Amino acid sequence: MANDFFREYLSFERKSATSESHIIIRGDVRFSVLSDRLLRVEVDKNSSFTDEPTQCVWYRDFDRPEYKIVQNGYNVKIITAKTAFEYNLKSHKMLSVTLSDGKTVTDYSKGNLKGTYRTLDFTFGAVRLENGLISTEGVTVLDDTKSHIIAEDFSISERKPTVKDEYYFAYGHAYRDCVNALYSLCGKVPLVPRYCLGNWWSRYKAYSQQEYIDLMQKFIDRKIPITVATVDMDWHWVDLTRFGDDGKFRFNEFPPKAINNAVQPDGWTGYSWNTELFPDYKGFLKWLKDHNFKVTLNVHPAQGVRPFEDMYPEFAQRMGINPNTKEHIPFDITSKRYVQAYFDVLHKPYEEDGVDFWWIDWQQGKNTKIKNLDPLWALNHYHYLYSRRGNKRPLILSRYAQIGSHRYPLGFSGDTTISWKCLDFQPYFTANAANVGYTWWSHDIGGHHWGRKDDELYLRWVQFGLYSPIMRLHSTQNEFMGKEPWKFKGEVENIATECLRTRHKMIPYLYSMNYRTHKDGIAICEPLYYQYPDEKKAYSYPNEYAFGSELIVAPITEKRNPKTNMAKVSVWLPKGKFTDIYNGRVYTGGREYTLYRGLESIPVLAKEGAIIPLGAHYETNDWKNPADMQIMIYSGAGSFDMYEDDGETNEYENGKFAITRFKVLSSGSSLRFTISAPDGDSSVVPDKRNYELLFKDVKSCDKIIVSRGDKRLELSSKTNDFVSVDIFKVRRNETVEVELVNYVIKGNADKREALIETISKFQCQNDLKLKKYKKVIEDPSRPIPCSEPFRGPIEEILSLK
């Protein structure tokens, strides 16, 4: 029965054996030529090699490149079109790897750009990351020796002792190719559901049913869209002493544990709703579903199942235990019987009641009955596969376990401290995880605990969260640490609220990048050296990253200078033209800048020819494919493929999706923007769609010509700070072209106004401003008559072309 359960719910495609044509055996060594730049090397004194899938590696027959073997004594050289691997059979060492450019590498840890880390729990800033698969030297090694086997029945079994099982990645500076080789080996990054790309509410707090409903209603009333409602561990019973008198739970059977200096049984694990807080949990879930919230519950499984649980009798019977014994059933993820009951009895009923997915909060170490099997990995693996049943697109929230964890999004980075140092580490930590293919980190935006109240820190964290993979507000239960925007001073509240609204509007862009990650293996947050591997400066600014295909983001992670009312961040920009989407400043690439910003924004730079599709509305938490859209457009040459499907099932695997291509092209005095008819299954697209086209860097034009089929119309433009055009009722099968005739680019022409605006914010004597800065405003070529901190913001403006 358990075997059938595993095959039905916990199975996956198995292509783990390499073709015999690409296997070379020399004594106790087996080589598998997996691609022209990827070689597997196994060493086993009994020649007992592994063809089964492991925790990390599932596919070993995805490419069959041509190769040749040259052997000289103990030295074996395997040569492909792009790489030469030389290995010594006696020492069992890879002597050298020669890349396609002729470079020979002998040290496979040198130049490693690191990967990510299991958790940021209780950290106060930077932590030392594990090695990744990207290296400036061009060669890295994935050691899969200790990874366990996934058996024929899809359960996890202990691996036979082996000497070595290593994968040599020899991709040089072709970093995206390297990561895609990992995906070919371990499996792609799944397509996450559309709703998870909006805003999440989360808090470790013992809400009552009505308190939580009232809070969600407050978000609705304030027009702050929340798509995911998270209920932390207090949904279930936590104070277990209250079960001492009713016979269901006897206090003395369970050793008490000190929590916050109070002695009580361990209530972190639980599966029974706290009926004092949630007297009608089904009604609670129904209210959330009726108001379009997706729901996740927190679960700490480590304590197993105890007699006070509502479902204990059924669970005990499933485990072959007489329920009347009230025997504590320990957690055992290695038992197929336990795993089946864990899902069938503890989780499935609540999912049928309205729980959409689970937040697996495992913090209890790496030990199970199978040596070296990490229970976190097993929980992630089983939960994710089980959540796929019924054609539902799977999702979990859990900590990172090891390389290969990208198959189980989303990642929960843990309980971080409220501090500037923690914020400063997260942009680098998030983007750098691409080096192990881990693309979907979710952080406690605003920080979880400790620290001090700092409105500016909260806002900068929210601004980073807006441009991170998942936007999840979170904090601990301290009454004064809530992350609701209205719990901060007016200016911060207003800006944070706009950030949350903007995040919701960005779902069309984010979802298209989600598909890009799934299809092309490109992380939504990616270090700049992926696109510019030969530019030394691309490695020098770890907090700067590409956010999707159109934007470069540099979060501000330090306090403002009180004298300028601004904070700064240093960046390097590749060659090209980049426009800040907030203040419109245009930066010429190929150089470094120090950028200064007030509270209102962080640097978010659109590339030349950028196209950014947005939903037009934030008034509700509707996350479906929008009928009303705004498209931010920047002059130049560019295209964008907007991906759409139903957002929550697996029907996209059967072709039920559509791609709408947008294209912009500047040619002479004309700027053309095209909306193509969707390619694919257009049934997922609204029947008719309204577009507001925002030509963000176009100041004016003589006229606008709109072509729709055989109709050609001349329109007047809406011009405020830029040109905008409204196109109404675009049908599914319709292509629309908009031409701006004799358009004028905004550029940085009005430096005078930018200088006045910036200097006006300086906190110093007004007559001193007149005396020192008036001449610079009138003649920007004059030397700047001041020192820091006032000099920097002025230099930034004067450096603009």
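The values are calculated or read from the model by the stated rules, or taken from the named source; none is laboratory data. Predicted model, so just to flag it, every value in this text is computed and none were measured. When we count neighbours, we look across all protein chains shown, and the Cβ atoms used for this are built from the backbone with ideal geometry, even at glycine. Please note that ligands, DNA and RNA were not included when accessible areas were found on the heavy atoms of the full protein model with its side chains. Shrake-Rupley method; radii C 1.70, N 1.55, O 1.52, S 1.80 Å.
Applying the Karplus relation 6.51 cos²θ - 1.76 cosθ + 1.60 with θ = phi - 60° to segment 796-801 yields 3J(HN,Hα) values of 4, 5, 5, 7, 6, 9 Hz, where x marks Gly and Pro.
Remark on Val698: its backbone amide H falls under 5 Å from those of Val723, Lys746, a criterion applied only to residues 5 or more positions apart or on other chains, H modelled at 1.01 Å from N. Would you list the P(r) distribution for the chain, with all Cα-Cα distances sorted into 10 Å bins from 0 and each bin expressed as a whole %? Over the chain, the share of Cα pairs per 10 Å bin runs 2, 12, 20, 23, 20, 13, 6, 2, 0 percent. One Cα centroid belongs to segment 474-539, the other to segment 668-691; the line between them spans 26 Å. Among Leu346, Cys525, Thr417, whose Cα lies farthest out toward the positive end of the dipole of the chain, if unit charges sit on the beta carbon of Lys, Arg (+1) and Asp, Glu (-1)? The one lying farthest along the dipole's positive direction is Cys525. In a reduced charge model with +1 at each Lys and Arg Cβ and -1 at each Asp and Glu Cβ, segment 646-801 shows a dipole moment near 740 debye about its Cα centre. The magnitude of the dipole of the chain, with charges of +1 and -1 set on the Cβ of Lys/Arg and Asp/Glu and taken from the Cα centre, is near 1980 debye. In the context of the full set of protein chains, the chain has a per residue accessible area of 40 Å² (1.4 Å probe).
Remark: segment 92-183 projects, on average over all directions, an area of 8.6 nm² (convex hull of Cα atoms).
For Ile396, the residues 5 or more places off, or on other chains, whose built amide H falls under 5 Å of its own are Leu410.
Taking the Cα centre of segment 59-197 as reference, the dipole from Cβ charges on Lys and Arg (+1) and Asp and Glu (-1) amounts to some 200 debye. Round to a whole angstrom and tell me the spacing of the C-alpha centers of segment 563-631 and segment 92-108. Centre-to-centre distance over Cα atoms comes out at 42 Å. Only one residue of Gln217, Gly270, Tyr428 has its Cα farthest out toward the positive end of the dipole of the chain, where Lys and Arg carry +1 and Asp and Glu -1 on Cβ, and that residue is Tyr428. Working note: Karplus 6.51/-1.76/1.60 with θ = phi - 60° gives segment 379-389 the couplings 4, 4, 4, 5, 4, 5, 5, 5, 6, 7, 4 Hz, where Gly and Pro are set to x. Between the listed residues Thr116, Thr758, Ala606, the Cα displaced farthest toward the positive end of the dipole of the chain, a dipole computed from Cβ unit charges relative to the Cα centre, is found at Thr758. Per-atom-type breakdown for segment 368-450 gives carbon and sulfur 53% of the accessible area (1.4 Å probe, protein chains only). Our coupling estimate for segment 102-113, obtained by passing each phi through the Karplus curve with A = 6.51, B = -1.76, C = 1.60 and θ = phi - 60°, is x, 6, 10, 10, 10, 10, 8, 9, 5, x, 5, 8 Hz, Gly and Pro reported as x.
Counting heavy atoms of the protein chains alone, Thr594 has an accessible area of about 50 Å² for a 1.4 Å probe. Give me log10 I(q)/I(0) at q = 0.15, 0.23 Å⁻¹ for segment 330-411, Debye formula, one equal scatterer per alpha-carbon, no solvent. Normalising to I(0) and taking log10 leaves -0.53, -1.23. With all protein chains in place and a 1.4 Å probe, the accessible surface of segment 534-595 carries 47 percent carbon and sulfur.
For Leu95, the residues whose modelled amide H falls within less than 5 Å of its own, excluding neighbours fewer than 5 places apart on the same chain, are Glu86, Tyr87, Asn88. Of the solvent-accessible surface of segment 56-125, computed with a 1.4 Å probe over protein heavy atoms with every protein chain present, carbon and sulfur atoms account for 49 percent. With 28 Å as the limit, write out which pairs from Lys577/Lys772; Lys223/Lys453; Lys188/Lys656 have Cα-Cα distances beyond it, or answer none. Result: Lys577/Lys772 exceed 28 Å.
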